[in-house]
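Inspection log for the structure reproduced underneath, given as structure tokens.
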Amino acid sequence: MRKAILILAATTCLVGANTAFAQEADKTPAQAFAGPRAEVTVGLDQSGDDTFSGTELTGMRVGGAVGYDVALGKRVTLGVEAGIGWMVAGHANIGPFPPSDPRTYKISAGRDSDVSARIGYALSPKTLIFAKAGWAEQSYSARSSEGGDFGDRKSNGVRVGAGLEQKLTSNVYAKAEYRYTSYSDVGNLKNDRHQLLTGIGVRF
């Protein structure tokens, strides 16, 4: 009796596994990257050269995103994505500005959020390249050497990016992505941002 139960359980597992593999094999490359997804990311975050009086703000960013993709034909995907992140390490020091302002200022990055449209091309059922474009908002805080807190300052602009997704299992994927954001300028200062991120995600 015990042997019969073990044989039945093993047969059931084998049939289930074969069915899952068959269903995966029946998908087109684009369908393998369709559906809802969620991911976490970490990487390098750097402001443009002119954002803070010629001083770069460079640090590590952690964040995440959720998205949804649909398959268009055999290899093309189209989707939407919303993400948020924070710079957890790194700041910039600016000043003083003689003769009128002898103080120095510590600039720290706050929230970074975006909403984008994304188009992808499946090189295979396991590999997808993509490009994205959308809207982004950033916030920064400034504190003077005398202890004054100037609160959060926000700006928004256009974000574009490109990257690659590589499936690790049928549901789990790894990704690498470069993003450039051009925010509204502050006075005569160019206000932009570069991000190089890696991440891992789950497609449901």
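List of remarks:
- Using θ = phi - 60° and Karplus 6.51 cos²θ - 1.76 cosθ + 1.60, couplings along the range 161-177 (whole Hz; Gly, Pro as x): x, 8, x, 9, 10, 10, 6, 9, 9, 5, 10, 9, 9, 10, 9, 9, 8
- For Leu123, residues with placed amide H under 5 Å, excluding near neighbours: Leu128, Ile129
- Solvent accessible area, Å² - Thr198, 1.4 Å probe, full protein context: 70 Å²
- Computed lengthening from Thr169 to Ser184, 0.36 nm per intervening residue step minus Cα-Cα distance: 1.3 nm
- Label-point separation, Tyr121 to Leu78 (7 Å along Cα→Cβ), nm: 1.7 nm
- Phi angles of the range 114-130 translate, via the Karplus equation with coefficients 6.51, -1.76, 1.60 and θ = phi - 60°, into HN-Hα couplings of 7, 10, 9, 9, 9, 10, x, 9, 7, 5, 7, x, 10, 10, 10, 9, 8 Hz per residue; Gly and Pro are given as x.
The values are calculated or read from the model by the stated rules, or taken from the named source; none is laboratory data. Computed from a prediction, not measured in an experiment: that's the story for all the values here. No Cβ is skipped: glycine too gets one built from the backbone with ideal geometry, and neighbour counts run over all protein chains shown. Note: areas computed on protein heavy atoms with side chains; ligands, DNA, RNA excluded. Shrake-Rupley method; radii C 1.70, N 1.55, O 1.52, S 1.80 Å.
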